[in-house]
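A.B. asks: There's a structure below that I have some questions on.
The values are calculated or read from the model by the stated rules, or taken from the named source; none is laboratory data. All of these numbers come straight from a predicted model, not from anything done at the bench. For neighbour counting, all protein chains shown are included, and Cβ atoms are generated from backbone atoms with ideal geometry for every residue, glycine included.
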Amino acid sequence: MLELHNLNVYYGAIHVLKDVSLKVNKGEIVTLIGSNGAGKTTTLRTISGIKKLKSGSIEYDGRDISKYSASDIVKMGISHVPEGRRVFSTMSVLENIEMGAFTRTDKPQIKKDMDKVFSLFPKLYERKNQYAGNLSGGEQQMLSIGRALLSRPNILLLDEPSMGLAPIIVKEIFSIIQDINENGTTILLVEQNANMALKYTNRAYIIRNGVIDMEGDAASLLNDEKVKKAYLGG
Ligand code: ATP
């Protein structure tokens, strides 16, 4: 469904992604694991057209989307939930979710999709008229995911959904990510929290200094001594 072939991406003179190749099959949850500064966010930003690549290609449903604009990529079914949540804090929860439908005009279906988001996240429904800035960190993450779902993505790109959240909330978020996946959305997520991510993932890639270092199914990576030592806290 989504295939990156030898992506090379730079910030100025800094070579940040080096021949990165990875693949996400339809229906999968795939995780890109790596420490701070490894290139995870840059990978997602490149897929979603925010950051341009120097060379390589991004194949989505058989065509190269690497030259498309970010808004065209959303329209084609790829939605990105950025790191740090970035909700519109002085807008209500409801207005934030509505913003996710900015590429759409089919009002009745938008309403149905909003209802679906509220059934997935009942906490957001309870607080739908409150300022997004007053939500807890976990609720803001839910809002950010809910907003992304309003573009009806085939693929959801999630940047560190667990960042800064208490373990019990992280569990809740991952279980919702699993529900979203079971409802037909393919997921590529990036995480430093490898322990949690690998439990909910089909396959994973490990990126180190801009290079894909390892790849495999989640179960075998969870049992790999090198991975345990470097990414799973021993
Ligand atoms: P983190 O978890 O800290 O976000 P990451 O794996 O997502 O880490 P990236 O954010 O992709 O890493 O950063 C990869 C490298 O690119 C880092 O060395 C970072 O300093 C550099 N970098 C990221 N954004 C910029 C930018 N706007 N300008 C210059 N360098 C950048």
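A.B. asks: Read through the list (1) away from the ligand (no atom under 16 Å from the Cβ); (2) at pLDDT below 90; (3) within 16 Å of I29 (Cα to Cα); (4) of a type in the set (A, V, I, L, M, F, W, C), then give the number of the only condition that L221 fails.
C.D. replies: Unmet condition: (2).
A.B. asks: What residue, of Q141, Q109, is in a helix (DSSP H, G or I) and under 21 Å from R45 (Cα atoms)?
C.D. replies: Q141
A.B. asks: Further, regarding this structure: Cβ-Cβ below 6 Å, separation at least six or inter-chain, first residue in the stretch 21-49 and under 13 Å from L7 (Cβ atoms), second among the basic types (K, R) and near the ligand (Cβ under 6 Å from one of its atoms): which pairs?
C.D. replies: Pairs that qualify, where the first residue is under 13 Å from L7 (Cβ atoms) and the partner is among the basic types (K, R) and near the ligand (Cβ under 6 Å from one of its atoms), are L32/K40.
A.B. asks: Let me ask something else. Could you list, in sequence order, the residues of the stretch 155-175 that are over 12 Å from the mean Cα position of the chain (by Cα) and touching a residue at least 40 places away in the same chain (Cβ under 8 Å)?
C.D. replies: M163, the sole residue that qualifies.
A.B. asks: For the stretch 1-15, name all the residues that are surrounded by 23 or more Cβ atoms within 10 Å (Cβ to Cβ) and within 13 Å of the ligand (Cβ to nearest atom).
C.D. replies: L7
A.B. asks: So how many residues does the stretch 16-56 have that are under 20 Å from G77 (Cα atoms), near the ligand (Cβ under 10 Å from one of its atoms) and either modelled with pLDDT under 95 or charged (D, E, K, R) (or both)?
C.D. replies: 2
A.B. asks: Further question on the same structure: Report every pair of residues separated by at least 6 positions or lying on different chains whose Cβ atoms are under 8 Å apart, first residue within the stretch 184-205 and at positive phi, second more than 16 Å from the ligand (Cβ to nearest atom).
C.D. replies: Short answer, once both residue conditions are applied: G184/G27.
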